[in-house]
Amino acid sequence: METKKAEFSLAQDTAEWLMTQHAGSRSFEPFAATRGIHTMRDAYRVQDRYNALQAKTRGVTRAGYKIGLTSTAMQAMCGIDTPVAGAVFTDRVHSSGVVLKPSSYGRFGIEFEIAVRLGRDLVPSGRSGRPVMLADVVAAIDGVAPAIEIVDDRGCDYKTLDVLSLVADNAWNAGIVGGAFQSTWPDLSLVEGSVTTEDGSVLDTGRGADVLGNPLLSVVWLAEHLATSGESLRAGDIVMTGSMVTTKFPTTSGRFRFEVSGLGFVEVQADAT
């Protein structure tokens with residue numbers, strides 16, 4: 001009992017500290033070691049408390065989840081070799097074409113992904129008696145869309161980044177921009193994604209197979225991850241499956257378009273004025 005109280009106190013104290021860091025627009029510096037976060041369990045405990053404070057302060061609820069570091073390109077960029085999860089909140093879900101100001105963030109980043117929407121609850125392995133399978137995910141999804149994740153790394157020096165600090169800080173999620181959900185979709189391991197600027201220049205390209213071999217395998221990973229804490233994906237949840245390409249950091253005004261073969265497109269407008 002005393003151990004659990006101490007763990008809660010540590011997580012709560014760090015969550016409150018994170019709230020002040022964000023409110024004060026402080027630059028990101030790795031903090032896990034100095035704040036007693038030694039394991040992934042510790043880090044996700046802090047994230048849970050931090051997200052509870054965010055939800056209460058802003059009067060919002062969770063809209064779904066983001067999964068990060070699901071491609072070798074993103075893992076190499078961050079120097080981390082495992083996927084991570086975070087929460088997405090209702091006040092930070094935007095429609096395609098939204099105009100966002102980079103100056104509103106510590107450092108504005110955008111990532112280009114496939115989002116899925118759950119049409120029914122996805123029962124975790126601890127309740128069904130077996131691991132969640134790809135077929136279970138396919139059966140639970142009622143929509144797939146191209147999407148852009150907004151991340152705020154608060155100017156992190158990636159050479160110093162550690163996974164525990166990233167996880168505790170809700171994996172840097174600052175919102176999502178969604179395209180139109182499609183009720184039928186192609187084999188997501190075979191789709192191709194292209195990022196273009198408003199003059200039509202191709203900024204980057206990626207494939208569905210770059211995301212754990214298939215973006216839906218990210219959802220399998222998330223379902224199993226949530227099961228370790230007795231949680232599960234619920235009907236209506238939106239899940240960002242991870243970026244096909246490395247994060248882009250717009251500093252000038254412009255439109256960014258992400259088009260995925262067989263799924264359509266999503267756009268975001270950066271307004272640097």
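In table form, for the structure just shown:
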| item | result |
| --- | --- |
| Residues Arg58, Arg35 arranged by fewest to most Cβ contacts within 10 Å | Arg58, Arg35 |
| Two-site label geometry, Glu192 and Arg130: point separation in nm, points 7 Å out along Cα→Cβ | 3.7 |
| Thr205-Thr20 pseudo-label distance in nm [points 7 Å out on the Cα-to-Cβ vector] | 5.0 |
| Stretchable slack from Ala52 to Lys101, in nm (0.36 nm times residue separation minus alpha-carbon distance) | 15.1 nm |
| Proxy reagent accessibility, fewest Cβ within 10 Å first, across Met244, Met19 | Met19, Met244 |
| Size of charge dipole - the chain - debye, nearest 20, with Cβ of Lys, Arg +1 and Asp, Glu -1, no other charges | 640 |
| Long-range HN-HN contacts of Tyr65 with modeled amide H, under 5 Å | Val88, Ile238, Val239, Met240 |
| Order of Thr14, Thr241, Thr160 - criterion: other Cβ atoms within 10 Å of each residue's Cβ, fewest first | Thr160, Thr14, Thr241 |
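Laboratory data are not the source of any read-out in this text; all were calculated from the coordinates shown. Computed from a prediction, not measured in an experiment: that's the story for all the values here. Positions of Cβ are backbone-derived with ideal geometry, glycine not excepted, and every protein chain shown enters the neighbour counts.
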